[in-house]
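What follows is one structure encoded as structure tokens, with my remarks underneath.
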């Protein structure tokens, strides 16, 4: 069976690269109920700035949870409270679907994407942010970060008239669409892997009319900052850490 073609607007890399099961990370945060969603919450209780993270289709993988902790605790000058809600309500994409090398797996993966289209999830975000503010009254400014599938959720949220965020970012977005850049009114960062279309990434950057940072990590695969990151590989780990530092530098200037 050949690889699954791009599906529901997602890149072929998003549809075919399996996640890496990481080993033994101990989270620094905890899971709480916020706005009706189970949410991974990490960072100082009195932080005045927050980052809402939209995970990839695999949900709460160790690499993704660790990334939230890095954002919350790695900046010496600014501490963030980080919120990662479970948009999938306990039903992320099963890793058994990857690689989608049978018709049955491809059908199941397509149905998953159809069940959780980014516009639908983006529509839930403003109410969720209201719940975040009620939960953490010290928070006055927010940023938003999405991985893979979540990158599209971020772009749609930031373009909406209801956008509550001061800045946003996407790491290895599954659907790089230059048209999404045209309506952005807040600073935006895009960190691409070698598997995002270089022409689309360039067009996206050219369409941005806001302060921005666009960078391609040329030897990293789609998903290297989230569930597909093989942190057993020292170079991947270094680029994973560099990606998070890049995001912290960007948010530190823009939020």
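The values are calculated or read from the model by the stated rules, or taken from the named source; none is laboratory data. For clarity, every value in this text was computed on a predicted model and none was experimentally measured. All Cβ positions, glycine included, derive from the backbone under ideal geometry; neighbour counts span all protein chains shown.
Structure notes:
- For the range 128-166, the candidate set comprises residues that are surrounded by fewer than 24 Cβ atoms within 10 Å (Cβ to Cβ) and assigned to a strand (DSSP E or B); within that set, the residue that is nearest to the chain's Cα centre (by Cα) is 142.
- The range 56-99 - residue that is in a helix (DSSP H, G or I) and more than 16 Å from the chain's Cα centre (by Cα) and, of those, surrounded by the most Cβ atoms within 10 Å (Cβ to Cβ): 97
- Residue 125 being surrounded by 15 or more Cβ atoms within 10 Å (Cβ to Cβ) and part of a loop (DSSP other than H, G, I, E, B): no
- Some residue of the range 29-42 being assigned to a loop (DSSP other than H, G, I, E, B), in contact with a helix residue (DSSP H, G or I) (Cβ under 7 Å, 6 or more places away or on another chain) and either crowded, with 22+ Cβ neighbours inside 10 Å or modelled with pLDDT of 95 or more (or both): yes
- If you filter the range 100-118 down to residues that are assigned to a helix (DSSP H, G or I) and in contact with a helix residue (DSSP H, G or I) (Cβ under 6 Å, 6 or more places away or on another chain), you find that the one that is surrounded by the fewest Cβ atoms within 10 Å (Cβ to Cβ) is 108.
- Matching entry among 173, 187, 164 (being in contact (Cβ under 8 Å) with a residue 24 or more places away in the chain, under 27 Å from residue 23 (Cα atoms) and touching a helix residue (DSSP H, G or I) at 6+ places or on another chain (Cβ under 6 Å)): 173
- Residue among 182, 205 that alone is touching a residue at least 12 places away in the same chain (Cβ under 8 Å) and out of contact with any strand residue (DSSP E or B) (no Cβ under 9 Å at 6 or more places or on another chain): 182
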